[in-house]
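Comments concern the structure below.
The values are calculated or read from the model by the stated rules, or taken from the named source; none is laboratory data. Remember, it's a predicted structure, so these values are computed and weren't measured experimentally. Cβ sites come from the backbone with ideal geometry, for glycine too, and all protein chains shown count toward neighbours.
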Amino acid sequence: MTTPSNTSKINDKINFHLSDSGRIDSKKYTLYEVLIDPRLDKLSLEERLAIFNSFYEDADRNNFISSRRYVVNSSAVERNIFDPSINQVVRVVNFGSNDYLNMSQHPRVINAAIQALETYGAGSGASCITTGRTKVKTDLEEEIAETFGREKALVYPAGFMTNTGVLSGLLRSNDIAIVDMLAHASIMDGVESRNKIFFRHNDMRSLESAITKSSSQYANKIVVVDGVYSMDGDIANLPEISGLCKKYNCKLMVDEAHAFGVIGKNGLGITDHFSMPPNSIDILVGTLSKAIGSAGGFVTGNKDLINYLRFASRPYFFTTAPFIPAMAAALESIRIIKSDEQRRKNLWTNIGYFKSKVLGGGFNIGPAETAIFPIILGNHNHVIKAAQIMGSNGVLVLGVAYPAVSKKQTRIRMNVSSEMIQGQLDKGYDELCNAIRQVKLEELANTTA
């Protein structure tokens with residue numbers, strides 16, 4: 001498919017260079033230009049679809065569409081992936097997973113899911129508000145509340161839905177969300193149609209300025225941050241953020257997704273990490289799909305909050321209850337995480353080892369301090385090509401290009417996990433170096449040709 005011939009006539013500011021295939025050149029453009037750019041708003045749906053698919057087909061031709069690959073075994077340290085570009089299965093070391101403690105592969109977790117499937121079947125049949133609530137869900141919510149020292153909890157089918165559901169349920173026309181500018185996309189979607197103001201990432205002066213600007217205008221202020229940031233692997237400055245919230249009478253909401261199971265003396269997340277009491281955070285949300293190794297999301301807090309959200313959060317109210325085997329797996333996983341500290345110790349040994357390798361190699365990993373390693377290259381094409389090369393050479397990574405991050409912050413994201421061995425970490429590092437070297441040599445050859 002080629003770019004519509006009338007694109008520039010509809011809006012003379014929209015023009016695309018074509019590749020030699022006659023499609024929008026995926027080496028010159030990013031998803032922003034073909035999917036997000038506000039100038040596309042004036043086009044018809046058919047024209048927007050044509051533009052996107054022209055870009056998509058060129059990217060697919062260049063083997064840039066990693067999502068066409070699919071896994072044929074579990075989310076283990078080593079995965080078997082079918083690569084349609086070469087029409088065969090390749091075995092890779094898995095640096096692309098958020099399963100930090102490899103709990104998705106734990107025999108007890110798998111068995112809990114199997115037993116729930118045999119007991120309850122494949123679906124709950126209704127929303128939790130009607131007839132879909134199960135004992136498994138009740139037990140899981142009680143376990144989550146007890147784990148975080150809260151009164152009650154609410155489990156959603158997905159972590160993304162949890163953030164959007166909580167924020168849309170709480171924020172009214174006279175309220176405002178004060179959001180870290182690098183917060184997760186689910187948080188951004190949750191405040192999309194609400195009053196909001198953003199502050200510079202983990203910058204306490206910027207946060208205080210945003211709070212004071214909002215103080216006289218709104219009835220309720222909710223500061224929203226990630227506990228551990230998914231793209232940078234750094235930790236929110238909870239002591240100062242919580243202090244500012246108390247000083248200015250703001251509520252604090254923290255997304256625990258990448259923190260629980262990873263940070264803290266007992267692996268219980270950000271309050272455990274800073275040795276702070278549970279009431280340091282008013283609204284704690286999290287996911288069951290990262291260190292817990294299952295699927296779903298949760299919010300926990302005092303009983304008044306949870307009772308309110310059960311009815312005010314439309315995504316919760318109108319959605320079929322979460323997949324029961326996933327909840328059973330999550331319940332068993334949380335219990336194991338709280339009792340088996342060796343997995344977390346192994347993870348931190350691997351974090352320390354891999355961090356010494358990448359820093360020793362001169363790579364820029366920004367403020368990373370957890371299991372997430374952003375290898376910041378600052379070049380869109382380098383990121384896409386290097387991730388492709390690493391995948392072909394047996395190392396699965398995520399290429400994070402613009403607009404997921406800014407153009408200067410484009411990176412290869414590599415996540416380490418508990419059960420990786422030193423040889424696998426070494427392979428990840430060696431193939432990273434090899435891919436970067438190859439990309440630069442190819443660029444030099446094209447420049448001088």
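Quick look at the values:
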| item | result |
| --- | --- |
| Those residues of segment 407-445 which are within 16 Å of the chain's Cα centre (by Cα), more than 20 Å from A291 (Cα to Cα) and not charged (D, E, K, R), in sequence order | T410, I412 |
| Residue ID - modelled with the highest pLDDT, chosen from residues in segment 129-141 that are within 15 Å of R310 (Cα to Cα) and loosely packed, with under 15 Cβ neighbours inside 10 Å | T138 |
| Test: residue in segment 70-84 that is part of a helix (DSSP H, G or I), among the hydroxyl-bearing types (S, T, Y) and under 14 Å from V397 (Cα atoms) | no |
| Qualifying helices (runs of 4 or more DSSP H) (wholly inside segment 246-360; at least 1 residues being touching a residue at least 12 places away in the same chain (Cβ under 8 Å) and within 27 Å of S127 (Cβ to Cβ)) | 303-312, 314-317, 324-339 |
| Scan of segment 378-395 for residues that are in contact with a Lys or Arg (Cβ under 7 Å, 6 or more places away or on another chain), surrounded by fewer than 24 Cβ atoms within 10 Å (Cβ to Cβ) and of a type outside the set (G, A, S), ordered by number | H380, N381 |
| Pick from segment 117-128, criterion touching a helix residue (DSSP H, G or I) at 6+ places or on another chain (Cβ under 9 Å) and in a loop (DSSP other than H, G, I, E, B), ranking: surrounded by the most Cβ atoms within 10 Å (Cβ to Cβ) | C128 |
| Among (1) at pLDDT below 95; (2) closer than 30 Å to I375 by Cβ - the single one Q217 does not satisfy | (2) |
| Scan of segment 31-62 for residues that are in contact (Cβ under 8 Å) with a residue 40 or more places away in the chain and in contact with a helix residue (DSSP H, G or I) (Cβ under 6 Å, 6 or more places away or on another chain), ordered by number | I51 |
